[in-house]
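Below is one structure, written out as structure tokens; comments come after it.
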Amino acid sequence: MVRNAVHWFRKGLRLHDNPALQRALSGADTVRCVYILDPCFAGSSNIRINWWRFLLQSLEDLDISLRKLKSRLFVVRGQPMDVFPRLFKEWNVTHLTFEYDSEPFGKERDAAIMKLAKIAGVEVIVQISHTLYDVDRIIKANGNRSPITYKRFCAIIRKLKLPKAPVNTVTLDQMEKCTQNMQESQEEQYGVPSLEELGFDTSELGCAVWHGGETKALAWLHKYFEGKACTACYESSNLNPDSLMSSSTGLCPYLCLGCLSCRKFYYTLLGFYRMDHNKSPLPLYEELLRREFFYTAATNNPRFDRMEGNPVCVQIPWDKNQQALTKWADGQTGFPWIDAIMKQLRQEGWIHHLARRAVGCFLTRSDLWISWEEGMKVFNELLLDADFSVSAGWWMWLSCSAFFQRFLPCYCPVGFGRRTDPNGDYVRQYLPILRGYPTKYIHDPWNAPVEVQAAAKCIIGVHYPRPMVNHIEAIRLNTERMKQIYQQLSHDKGLCLPVMTLSLTDNQKSSVAKSDGHGKEIGSCSANHDKTPNVFGKRGKPENAENRDEIKQIKIPRLQTPGDVSRIKAEPMMTED
């Protein structure tokens with residue numbers, strides 16, 4: 001019997017460590033590699049244009065690699081439910097292979113395709129390779145429910161075997177045994193389209209900082225570990241302007257589309273640290289595990305990307321302020337550090353993971369008190385590495401809406417920027433309007449004397465906006481809000497949840513009155529800030545609120561009854577049984 005196989009690329013756009021493609025090649029007479037592209041999702045606007053460019057570059061690179069193996073990539077326009085019945089008949093397909101998609105939408109789509117394949121008599125083979133582990137196995141080991149804390153997740157995987165090793169890269173010898181004659185007419189019908197063909201306006205599109213594809217991904221991986229540079233780029237808590245640029249810390253776009261196998265990254269990382277026992281693998285290893293954790297948490301939760309109806313998300317009464325959200329998204333907050341990050345995101349589609357925390361914290365629990373859902377939507381439009389599970393999980397974690405066991409520090413939009421970018425090089429690159437400012441005022445230009453602003457040809461409030469909030473007052477109010485929410489939740493549910501302790505000693509109050517928590521004068525964070533009514537409303541400043549941009553990490557008592565203080569004993573923060 002003739003065996004005609006189709007391998008369906010979705011993510012996993014690579015020839016290395018592709019077990020589903022290897023299964024397609026095993027014993028096949030012909031193998032066609034297919035990517036289904038729905039033009040309806042592109043070109044209606046220039047949203048995600050950087051992502052689409054990265055995707056098309058990845059498809060072009062995959063096509064070039066396949067042609068070197070005497071094959072090619074068939075890019076088919078349409079929707080899978082419409083495309084596959086036609087291809088099954090036209091190509092006499094007997095086998096269909098693809099990579100397992102653990103996300104709710106992907107599972108629903110794949111189930112529908114498998115039904116169509118069964119009707120057509122096509123055998124379907126699915127292989128796991130986008131995640132290190134089988135997420136369903138993790139859930140089964142947790143009593144058939146997704147672990148809701150990272151600690152519990154780690155406890156489960158410690159009992160599992162190491163992830164499977166990457167499979168071999170597809171070779172010419174394998175592929176040429178399964179090729180078919182390619183017709184010239186197929187070039188136009190199944191070629192990789194351009195951005196213009198998809199309806200994008202590229203007249204104002206800058207040069208790509210990130211180039212998609214497996215070839216670039218493997219080159220980045222080599223560069224990442226070359227000279228052990230990854231430890232300096234990633235493990236150090238002291239950022240610098242170079243690490244904020246699109247540097248070797250940015251493998252996430254390639255992992256997201258599967259141009260780089262997470263298993264290859266994992267075992268390369270493991271081998272690197274085995275050669276140098278003085279280095280700890282924890283920072284990079286934990287990033288991979290948190291990725292796995294979010295995929296596991298999301299797989300059976302179709303409402304994972306929203307607050308309402310999401311069983312793992314705390315229902316926080318966020319403010320709705322479209323004007324403030326737009327200023328944040330467009331990099332017009334009046335805080336150069338925040339605005340430079342958002343400008344880089346919009347221009348390049350990537351920002352450093354700590355820069356993401358800074359702008360995410362500013363939007364949610366620190367300054368603007370706007371829902372994480374809104375921030376996630378902006379990131380999904382602009383980030384090259386945005387996806388359903390990791391994006392939603394990260395935003396819930398950062399905003400203290402889920403998946404955390406202690407409150408994370410808030411980031412001062414002046415102090416953190418000044419420590420990270422002391423000379424203002426990063427700010428000047430992405431906010432050229434401020435290039436004329438001396439370093440002393442580059443992170444708080446509103447404090448510059450009028451003559452300095454005039455010399456810099458940038459008057460604050462005219463050429464560049466004033467700060468949209470008073471950071472010190474906003475963090476006081478919003479920290480108090482979060483404290484009250486979790487105290488109420490602890491009372492209502494009897495849970496041992498993290499709650500912020502905000503009362504200060506007399507000495508602390510005196511110290512805070514003179515600084516912003518970073519040894520800087522309060523004027524560097526608060527002078528001349530403009531308040532937005534939706535942030536502060538009519539509630540004013542809460543008394544005894546935390547005045548620094550840090551939140552204490554403490555053990556919390558299990559609350560018995562609101563008045564029964566004598567019976568309260570300190571217990572560890574909530575973990576799963």
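With respect to the stated conditions, G417 fails to be outside any loop (DSSP other than H, G, I, E, B), of a type in the set (G, A, S), open to solvent by less than 10 Å² (accessible area, probe 1.4 Å) and closer than 25 Å to A297 by Cα.
Yes/no matrix, rows are residues, columns are (1) surrounded by fewer than 24 Cβ atoms within 10 Å (Cβ to Cβ); (2) charged (D, E, K, R); (3) in contact with a Cys (Cβ under 9 Å, 6 or more places away or on another chain); (4) more than 14 Å from M175 (Cα to Cα):
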{"residue": "V2", "(1), (2), (3), (4)": "yes, no, no, yes"}
{"residue": "V6", "(1), (2), (3), (4)": "no, no, yes, no"}
{"residue": "R10", "(1), (2), (3), (4)": "yes, yes, no, yes"}
{"residue": "L15", "(1), (2), (3), (4)": "yes, no, no, no"}
{"residue": "L21", "(1), (2), (3), (4)": "no, no, yes, no"}
{"residue": "A24", "(1), (2), (3), (4)": "no, no, yes, no"}
{"residue": "T30", "(1), (2), (3), (4)": "yes, no, yes, no"}
{"residue": "D38", "(1), (2), (3), (4)": "yes, yes, no, yes"}
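Tell me, please, whether a residue that is within 19 Å of the chain's Cα centre (by Cα), open to solvent by 10 Å² or more (accessible area, probe 1.4 Å) and within 30 Å of R158 (Cβ to Cβ) can be found in region 357-364. Spell out how you get there, then give the answer.
Of the residues in region 357-364, the ones within 19 Å of the chain's Cα centre (by Cα) are 357-364.
Adding the requirement that they be open to solvent by 10 Å² or more (accessible area, probe 1.4 Å) leaves 357.
Narrowing further to those that are within 30 Å of R158 (Cβ to Cβ): 357.
Yes, there is a match, as at least one residue in region 357-364 is within 19 Å of the chain's Cα centre (by Cα), open to solvent by 10 Å² or more (accessible area, probe 1.4 Å) and within 30 Å of R158 (Cβ to Cβ).
The residues of region 318-328 that are open to solvent by 10 Å² or more (accessible area, probe 1.4 Å) and either touching a residue at least 12 places away in the same chain (Cβ under 8 Å) or in contact with a Ser or Thr (Cβ under 7 Å, 6 or more places away or on another chain) (or both), listed by number, are W318, D319, K320, N321, Q323, L325, K327. With respect to the conditions (1) open to solvent by 20 Å² or more (accessible area, probe 1.4 Å); (2) more than 21 Å from Q332 (Cα to Cα); (3) assigned to a helix (DSSP H, G or I); (4) not basic (K, R), Q405 lacks only one, and its number is (3).
Take R466 and tell me if it is open to solvent by 10 Å² or more (accessible area, probe 1.4 Å), assigned to a helix (DSSP H, G or I) and touching a residue at least 24 places away in the same chain (Cβ under 8 Å). No.
Can you tell me which residue within region 329-347, out of those that are in contact (Cβ under 8 Å) with a residue 60 or more places away in the chain and surrounded by fewer than 21 Cβ atoms within 10 Å (Cβ to Cβ), is farthest from A208 (Cα to Cα)? If we take residues in region 329-347 being in contact (Cβ under 8 Å) with a residue 60 or more places away in the chain and surrounded by fewer than 21 Cβ atoms within 10 Å (Cβ to Cβ), then Q332 is farthest from A208 (Cα to Cα). Checking each residue in region 54-78 for being open to solvent by less than 30 Å² (accessible area, probe 1.4 Å), touching a helix residue (DSSP H, G or I) at 6+ places or on another chain (Cβ under 9 Å), over 19 Å from L25 (Cβ atoms) and assigned to a helix (DSSP H, G or I) picks out F54, L55, S58, D61.
Can you tell me which residue among G309, G271, G227 is in contact with a Lys or Arg (Cβ under 6 Å, 6 or more places away or on another chain) and either modelled with pLDDT under 95 or within 30 Å of I370 (Cβ to Cβ) (or both)?
Details: G271 fails: in contact with a Lys or Arg (Cβ under 6 Å, 6 or more places away or on another chain); G227 fails: in contact with a Lys or Arg (Cβ under 6 Å, 6 or more places away or on another chain).
Among G309, G271, G227, only G309 is in contact with a Lys or Arg (Cβ under 6 Å, 6 or more places away or on another chain) and either modelled with pLDDT under 95 or within 30 Å of I370 (Cβ to Cβ) (or both).
Of all residues being open to solvent by 50 Å² or more (accessible area, probe 1.4 Å) and in a helix (DSSP H, G or I) in region 420-446, which is nearest to H471 (Cα to Cα)? Just the residue, please. Result: K440.
The values are calculated or read from the model by the stated rules, or taken from the named source; none is laboratory data. All of these numbers come straight from a predicted model, not from anything done at the bench. We place every Cβ from the backbone using ideal geometry, glycine too, and count neighbours over all the protein chains shown. These area figures cover heavy atoms from the full protein model, side chains too; ligands, DNA and RNA do not enter into them. Shrake-Rupley method; radii C 1.70, N 1.55, O 1.52, S 1.80 Å.
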